[in-house]
Every structure is written in structure tokens, then in C-alpha cells.
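The values are calculated or read from the model by the stated rules, or taken from the named source; none is laboratory data. These numbers were taken from a predicted model, which means no experiment stands behind them. Neighbour counts are summed over all protein chains in view; Cβ atoms, including those assigned to glycine, are modelled from backbone coordinates with ideal geometry.
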Amino acid sequence: MSTDTTGRPPSSLQVVPGQAELKATQIPDDDQVPAMPPTSSEQAQILERQFARRMEAVDTRWSPRQTTLRDQLHHTNEIWDDIQASEERQPRYSSPWFYWPFMVALAVAEVPINRFSFELFFQESPAVALLVSFLVGGLLVTLAHRLGMMMCRFGYNKKRKNWWGEVLQIAAVVLLIFALAYGVSILRQGYLAFITQPEMGFGQALENQEYGGAAIMALKGGLGLDGWIFLLINLAVVAVGVSAAYFCHDPHPDFERVDRKKHKLEKQAAKMQAKRADEEAVEKRRFANQMRRLGA
């Protein structure tokens, strides 16, 4: 038997594998096993869970506000139903976008009527006379609004309160309106008298800046034809304001307010529901697109 130089037989020789062969024969650890991509069903489940979380976030954002608004609307509807059942009619009133601009226009209309009445005292300051005339016009229109409201709700209030008290309030407001309009007419008549007859004592008092004496002279003179004409013009404007307040408000003191609140809450609820529906629709479209791409 032949032996190699080391004295070992050939059969006893061992073949040492190379580095590449060692790598090929090694069993990989679990950490080194490449991760398998998720299947389509697993990806679909992931997308469904993400969609559910996003929808839950939308619900968390909107549900508390919608619940609060729904409770307010329910309470307001209960009050509205009680008033409607007692009155047996629907509410009657006009839009505030018509009523208040109309009343402001009446106050402005009083300015050219009453402006010259205050030229007695503000000859050197026409802007001040203009401002005072506007304030007087605003006061007359405010009293007209108050009178119209009391007349509109007199039938309701006299059944639940002392109707003599309501009559006294109406009479007091009427006297205030007449006294204010009468005083303005007196001043306007005195100014016209000064313009047309400057040689009279009234005019001389004005020229000497004795405005208090001029006013006393005007008041002593009483109303002439011109004064009564301006008084009637002022009262006619006030009558228009009283009529507007009477016909533009509901006779029940709470029906108009509750009905306005009811419509406001309904609009808010509809707007909130629309915003929530938009957000939900966005999430549904996103989910549908993701599922469609996954299926492709």
C-alpha cells in the first residue's frame, strides 16, 4: 500500500471545503431569513384597520359637538311646540335685514326735517347741528319702535299682567313722542322766523348770542302754521315707524325669538352634518382607491 509523504494512506486524506462552499452549506439563522411580503389579503386587512381608525377619528371630532347641538335644538323645539299649541298659529314677523335698515332710514329721514331747528344754537357749527338732529331722529324712531312693540303685544300682555299698567306705558311713550316733536317744531319755527324777519326781538337775541332768550321767545310764541306742518311731518314719520314695529313683530313676546333660535340651530346642525359627511366621503374615497390599487 502506498503512502504519502506524511505516512498516511490516501483514504485517510480529508478534503477541507473552501470558504464559498462553507457559506453555501451554512444553515441561516432565523434573523437572517428575509421577510416575506404580506399577501393581498393581509394588506387588505391593514388598509381596513387604518380606514376604521380614520373614521373613528372623524366620529370623535364631530360627535360631541353634534350631540350638544342636538340637545339645544330639542329643547328649543319643545318651547316652540308649547307656544305654537297655546297660540294655535305660526309665528308672524319680518326679517331683521328689512326691519332694522328701514328704521335706520327713518332716523336718517328725520335729519333734514329737524336740522334747521338746531341752527338756533349751533350757527357756527353746522356739523354739530347735524349730529344733534340725527340723535333726535334716532330717539324719535326708538320711541316709535317701543310704542309699536307695546301696541303689538298689548293683547297678550293684558291677559297676563295689569292692563292698566300697559295703557299707562303706552300713554307715557305717546306723550314723550309728542313733546319731543313739539319742541323740535317750536325751534324750527323760531329759526324760520329769524330767517324771514331778522328785525324782530327773537332775531336780535340770536345776533347777540343770547340763545336762551331766543328759545324762550320761540316757546312763548306757540306754534303757527309752519310749526304745525313740521310737527305733523315728524309725527307722520313716527307713525310709519310705529306701524313697522307693529306689523314686523309677533304678538307673542317669545315666539319670534324662539323661532329665530330654532332656525339658527337647524342651519348650524345642517352645516355641521355636511362638514362631517364631506370628511367621511374623503376617507371612503381614499380607502376605495387603495383597495382598487391593491386589487390591480
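List of remarks:
- Residue match in the stretch 90-103 (condition: under 23 Å from the mean Cα position of the chain (by Cα) and under 30 Å from Q189 (Cβ atoms)): yes
- Residues that are surrounded by 11 or more Cβ atoms within 10 Å (Cβ to Cβ), within 30 Å of G148 (Cβ to Cβ) and without any contact (Cβ under 8 Å) to a residue 12 or more places away in the chain, drawn from the stretch 264-296: K264
- Contacts under 6 angstrom Cβ, first residue in the stretch 105-119 being within 17 Å of G183 (Cα to Cα), partner among the basic types (K, R) and modelled with pLDDT under 90, 6 or more apart: F116/R188; S117/R188
- For P91: the one exception among (1) assigned to a helix (DSSP H, G or I); (2) crowded, with 16+ Cβ neighbours inside 10 Å; (3) at pLDDT 90 or above; (4) not hydrophobic (A, V, I, L, M, F, W, C): (1)
- Any hit, the stretch 112-134, residues being within 30 Å of R285 (Cβ to Cβ) and aromatic (F, W, Y): no
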